1. For the stretch 134-149, just list the computed ³J(HN,Hα) in residue order, Karplus coefficients 6.51, -1.76 and 1.60, θ = phi - 60°, integers in Hz, with x standing in for Gly and Pro.
2. Quick one: pull the percentage of alpha-carbon pairs in the stretch 35-80 with a separation above 13 Å.
3. Which is farthest toward the positive dipole end of the chain among 203, 227, 188, measuring Cα position about the Cα centre, with Cβ charges +1 (Lys, Arg) and -1 (Asp, Glu)?
4. Would you please give the FRET efficiency between residue 155 and residue 257, computed as 1/(1 + (r/R0)^6) with r the Cβ-Cβ distance and R0 = 51 Å, to the nearest 0.05?
5. Could you please report the charge total around residue 27, scoring K, R as +1 and D, E as -1 over all other residues with beta-carbon less than 11 angstrom from its beta-carbon?
6. Place a +1 charge on the Cβ of each Lys and Arg in the chain and a -1 charge on the Cβ of each Asp and Glu, then give the dipole magnitude about the Cα centre in debye, rounded to the nearest 20.
7. Please give, to one decimal in nm, the separation of the simple spin-label points placed at residue 269 and residue 71, each 7 Å out from Cα toward the Cβ.
8. Compactness ratio of the chain: Cα Rg over 2.2 N^0.38 Å, N = residue count?
Amino acid sequence: MALILHVRTAREQWWQAHLQSLLPEIECRLWSQPGNLNDIRYAVVWAPPAGGLRQFKNLQFIVSIGAGIDHVLADPQLPMDVPIIRTTGAQMTQRMREYVCLHVLRLHRGLDSQIRAQSSRQWHNVISPSADQRTVGVMGLGKLGAAAAATLVELGFRVRGWARSPHDQHGVYCFSGADGLADFLSQCEILVCMLPLTAETDSILNRQLFEWLPTGAHLINVGRGEHLHEDDLLAALATGQLGSATLDVFRQEPLPANHPFWVHPAITITPHIASMIDPETGGQEIARNLQNFVAGQPVADLVDARRGY
Ligand SMILES: NC(=O)c1ccc[n+]([C@@H]2O[C@H](COP(=O)([O-])OP(=O)(O)OC[C@H]3O[C@@H](n4cnc5c(N)ncnc54)[C@H](OP(=O)(O)O)[C@@H]3O)[C@@H](O)[C@H]2O)c1
């Protein structure tokens with residue numbers, strides 16, 4: 001009985017040793033050295049190559065190293081009958097809350113203009129509105145979105161949330177479905193995208209959506225790069241329809257050195273670090289899920305591949 005591991009090469013030895021120590025009863029093999037393919041019962045993967053998982057005929061389940069499963073579903077030859085377990089956990093939720101609050105507060109208090117003022121020795125003495133006068137919108141009220149929205153409520157912001165199905169969350173004015181989108185956006189001065197990437201959400205951050213926002217609104221995208229229509233963003237920043245964009249995720253990662261986003265004065269870039277999985281605790285969660293699955297116990301974060309997230 002063996003497990004196959006597909007992670008970035010730089011970290012694969014570490015992951016292999018870590019998972020092996022947590023799962024001594026299972027042989028943990030690297031993707032490049034799979035051995036007998038029929039031994040492979042479990043796959044623990046980030047962005048496996050297309051057609052790769054199909055070759056393991058005895059595969060019982062796939063673990064996504066991360067909260068999203070889009071990088072697994074991207075494989076057109078994925079064996080759709082094999083269950084997928086995503087990896088979340090308290091630390092990921094905490095990290096995402098930190099990132100979202102950091103940037104919402106940065107935009108809310110105009111920190112960028114204070115830093116610019118310091119560089120030219122200007123005493124930029126302005127009064128910014130308090131949080132209860134600022135509306136923040138959260139797209140996606142799942143594990144990460146709901147937690148970030150709750151923290152924004154605690155900070156005193158007026159918080160709106162949007163999801164696929166109706167939600168009821170303390171302090172959050174909730175909207176749902178395509179019909180509720182324009183209404184949801186109409187008041188959002190800061191918009192945070194924490195959606196999963198699906199056929200429905202691909203390129204959702206586009207010109208029409210920006211026009212539904214109040215003029216000068218700020219965008220934070222921590223979902224996936226494919227949520228954003230890049231040319232529409234540049235156009236909306238040029239007209240002032242959007243005030244700024246803070247982007248953690250990109251269509252191409254790493255973002256190519258010649259990409260215009262790097263030097264745009266209204267774009268802040270972070271390299272997909274909003275909520276990275278900590279291999280130490282992430283590995284523990286993966287091992288726990290695997291052991292529960294094998295023992296027939298309930299497994300956290302089992303996802304329905306057909307729903308797409
Ligand atoms: N940048 C980073 O470091 C980082 C780290 C981790 C995750 N992420 C991204 O964050 C995403 C969300 O993670 P999560 O754990 O919160 O996911 P989740 O628990 O699956 O929640 C997804 C949320 O999005 C909503 N949604 C899905 N499709 C929708 C649609 N068509 N229209 C409106 N709402 C829709 C869902 O609505 P319902 O509640 O009605 O189902 C749900 O509220 C991940 O998929 C990943 O792409 C990024």
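1. 10, 9, 10, x, 10, 8, x, 10, x, 4, 7, x, 5, 5, 5, 4
2. Values: 528 of 1035 pairs.
Every Cα pair in the stretch 35-80 considered, those over 13 Å come to 51 percent.
3. 188
4. Details: r = 36 Å, r/R0 = 0.71.
So, using R0 = 51 Å, E works out to roughly 0.90.
5. Details: positive: 29, 41; negative: 25, 39.
That sum, taken over residues with Cβ under 11 Å, equals 0.
6. Details: 24 positive and 29 negative charges, 80 e Å.
Taking the Cα centre of the chain as origin, the dipole is about 380 debye.
7. In this crude spin-label approximation the distance works out to 1.9 nm.
8. Working: Rg = 21.1 Å, N = 309, 2.2 N^0.38 = 19.4 Å.
Computed over Cα atoms of the chain, the ratio equals 1.08.
Each reported figure results from applying straightforward, stated rules to the coordinates on display, with no laboratory input. Predicted model, so just to flag it, every value in this text is computed and none were measured. All Cβ positions, glycine included, derive from the backbone under ideal geometry; neighbour counts span all protein chains shown.
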